[in-house]
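Inspection log for the structure reproduced underneath, given as structure tokens.
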Amino acid sequence: MDLGLAGRRYLITGGSRGLGFATAAALAAEGAHTCLVARDPVRLAEATASLGEGHDAISADLADPGAAASIAATVGSLDGLLVNVGGPSPGTVLELDDDTWRQAIDGVLLSSLRLLRALTPQIVDGGAILLVLSSTAKEPIRDLAASNVLRPGLAMVVKDLANTLAPRVRVNGILPGRIATDRLRSLGGTDLGDGVPMGRPGDPEEFGRVAAFLLSPAASYVTGALVPVDGGLLHSPW
Ligand SMILES: NC(=O)c1ccc[n+]([C@@H]2O[C@H](COP(=O)([O-])OP(=O)(O)OC[C@H]3O[C@@H](n4cnc5c(N)ncnc54)[C@H](OP(=O)(O)O)[C@@H]3O)[C@@H](O)[C@H]2O)c1
């Protein structure tokens, strides 16, 4: 199947490592041009160079309230956008203090909303937006209260914006379960495949292929959807 990605332009935030980079690599392999956003300029330059010719980078901290607008001023029109922001601190509802909640709201919710406000006008007709959420959009994970509270809200952002932008631009959410990235390893645990029906964590490439499909014209009738990439981890079909 031809995904129709050749020559199309995509902005990928959180693009230097993990799920964002895996999505950029899958898009690049199909002939798309990407622009990666992350904070560490050295890792960002290495990641961009590893994709080959025709890819750009913008070093920015998405927690900075002005970052989204300056990214929008730098990039031109886009065929698609991956909204992928850094994950929140772990902790339970009873442990997290006000400052940690404010950081989580700013880093996960507001940074995503700022990207959507700033960049949606630059997405061409027939383009696509994909938000990286989490299985916590549907089921809580122990000790990840900030994610459990904020991701369901972003799932509603997906539905709301999909209705607003249809039929011009498609908007979907993708729900990683446990994909073997630096973030997952930093959250600890000895057996990352424990409780996953597939018996193992996912490879970032397995996530990137699904994300690239959802961003591509091949997914032209998929909008307002939440798509798990979790090896069967979610218990409910809804
Ligand atoms: N991996 C999983 O299994 C999993 C499961 C559920 C949800 N998620 C969510 O998916 C998202 C990506 O996770 P990941 O596993 O790919 O994480 P990762 O391996 O830690 O990669 C995070 C990427 O985002 C960039 N980044 C982080 N904070 C940023 C900021 N403030 N401004 C700009 N760039 C920033 C990082 O580069 P710099 O550090 O250089 O900025 C890096 O490129 C997170 O929100 C995470 O919570 C992941």
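Here are the numbers:
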read-out: Hits in segment 27-41 - residues which are within 16 Å of the chain's Cα centre (by Cα), surrounded by 24 or more Cβ atoms within 10 Å (Cβ to Cβ) and not in a strand (DSSP E or B); value: Leu27
read-out: Qualifying residue in segment 89-104 (condition: under 20 Å from Ala68 (Cβ atoms), in a strand (DSSP E or B) and small (Gly, Ala, Ser)); value: no
read-out: Residues (in a helix (DSSP H, G or I) and within 8 Å of the ligand (Cβ to nearest atom)) located in segment 42-66; value: Arg43, Leu44, Ala47
read-out: Check on Gly127, under 27 Å from Pro167 (Cβ atoms), away from the ligand (no atom under 14 Å from the Cβ) and assigned to a loop (DSSP other than H, G, I, E, B); value: no
read-out: Selection from segment 84-121 of residues that are near the ligand (Cβ under 10 Å from one of its atoms) and either of a type in the set (Asp, Glu) or without any contact (Cβ under 8 Å) to a residue 24 or more places away in the chain (or both); value: Asp106
read-out: Candidates Ala6, Ala22, Ala69, filtered to the one that is assigned to a helix (DSSP H, G or I) and more than 12 Å from the ligand (Cβ to nearest atom); value: Ala69
read-out: Cβ pairs under 7 Å, 6+ apart, first in segment 220-236 and more than 18 Å from Glu206 (Cβ to Cβ), second surrounded by fewer than 17 Cβ atoms within 10 Å (Cβ to Cβ) and small (Gly, Ala, Ser); value: Thr223/Ala166
read-out: Filtered residue count, segment 23-64, keeping only those that are modelled with pLDDT under 95 and touching a helix residue (DSSP H, G or I) at 6+ places or on another chain (Cβ under 7 Å); value: 1
read-out: Leu133 touching a residue at least 60 places away in the same chain (Cβ under 8 Å), surrounded by 20 or more Cβ atoms within 10 Å (Cβ to Cβ) and farther than 17 Å from Val229 by Cα; value: no
read-out: Contacts under 8 angstrom Cβ, first residue in segment 163-187 being touching a residue at least 12 places away in the same chain (Cβ under 8 Å) and under 24 Å from Ser147 (Cα atoms), partner of a type in the set (D, E, K, R) and more than 9 Å from the ligand (Cβ to nearest atom), 6 or more apart; value: Leu175/Lys138; Ile179/Asp203; Ile179/Glu206; Ala180/Asp203
read-out: Test: residue in segment 194-205 that is near the ligand (Cβ under 10 Å from one of its atoms), in contact with a strand residue (DSSP E or B) (Cβ under 9 Å, 6 or more places away or on another chain), in contact (Cβ under 8 Å) with a residue 12 or more places away in the chain and farther than 22 Å from Ala22 by Cβ; value: no
read-out: Conditions (1) over 18 Å from Val85 (Cα atoms); (2) surrounded by fewer than 21 Cβ atoms within 10 Å (Cβ to Cβ); (3) among the polar types (S, T, N, Q): number failed by Thr223; value: (2)
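The values are calculated or read from the model by the stated rules, or taken from the named source; none is laboratory data. Just so it is clear, the structure is predicted and the values come from calculations on it, not from any experiment. So basically every Cβ, Gly included, is an ideal-geometry build from the backbone, and we count neighbours across all protein chains shown.
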